[in-house]
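These notes are about the structure you will find just below.
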């Protein structure tokens, strides 16, 4: 079996440098190589999975736009590689992200990508493709993120399978973090006791907080706690209610993905 690697899904030039900087940090920490993937989408791939509609003009010029984006992305990656001293192959395929991720399903240890809502039309399903359809642990990087990563982590605690899988997937970062803050929103002392039992082995110095929502959404509480604790990553389970229900009634995962200015470390 091939050695694991970190896959960086580069949907476009938007957020590419932020993703590559975090990827370099994770590569050094995990001692795993990087592989970069970019998908050129076509009209069929764009319309069916995303429910977005193209005008006749956009359809006519989509291939030109995608090729221009690929060329610009290739140049950015080459410049970054030269300045960082890291060499990572860039794979360019045509189709859609979900199918392009299939060959990496059992080989990539995690996927790094930019916030999907920042991407151009046709590339806004990257997170869903990687997280829900391919089942990868994902690190989502918000636009404009610079600075440290993984030194101070916040865990949004809830005793559900996706969060437990996230703790397992990102255990190496939790154990190496300078500080871990565990926050249970609108939960009792039993929940905090469960959190301690789950995390004390990998994060013995973690602090645990039970926080009242006071009429706020859970996502807003977690983001405020993250800002106060000055964390550089939020570990969370994603879409515990399932993809369809979250699409119909956006929950905590959707709000965090859309609103977070801090990297999210997620598992489905």
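Taken together, the values in this text are just the output of simple stated rules run on the coordinates, not laboratory data. Owing to the predicted nature of the structure, the values given are computational and were not obtained by experimental measurement. Neighbour counts run over all protein chains shown; Cβ positions are idealised from the backbone, glycine included.
Using a 7 Å offset from Cα along Cα-Cβ at residue 67, what residues in region 8-45 end up with backbone N under 19 Å from the label point? Correct set: 12-13, 38-45. Mind pulling the angle between the C-alpha long axis of helix 218-229 and the longest principal axis of the chain? Nearest 10 degrees, somewhere in 0 to 90. Computed tilt is about 80 degrees. Normalised by the number of residues in region 152-267, the mean separation of alpha-carbon contacts (under 8 Å, six or more apart) gives a relative contact order of 36 percent. Calculated from the alpha-carbon coordinates, region 102-180 shows an Rg and a Dmax of 13.8, 39 Å respectively. Please determine, in degrees from 0 to 90 and to the nearest 10, the orientation of helix 16-30 with respect to the longest principal axis defined by the Cα atoms of the chain, where the helix direction is its Cα long axis. That works out to roughly 50 degrees. Compared with the alpha-carbon gap, the fully stretched path from residue 146 to residue 94 is longer by 15.7 nm at 0.36 nm per residue. Restricting the calculation to Cα atoms, the chain yields a radius of gyration followed by a Dmax of 18.6, 59 Å. Sorted largest first, the spans of the alpha carbon positions of region 5-141 along the three principal axes are 46, 31, 22 Å. By the count of neighbouring beta-carbon atoms within 10 Å, fewest first, 98, 145, 157 end up ordered 98, 145, 157. One Cα centroid belongs to region 99-168, the other to region 80-95; the line between them spans 19 Å.
Note on region 109-268: Cα-Cα pairs beyond 19 Å make up 51% of the total pair count. Compared with the dominant principal axis of the Cα atoms in the chain, helix 56-84 is inclined by about 60°.
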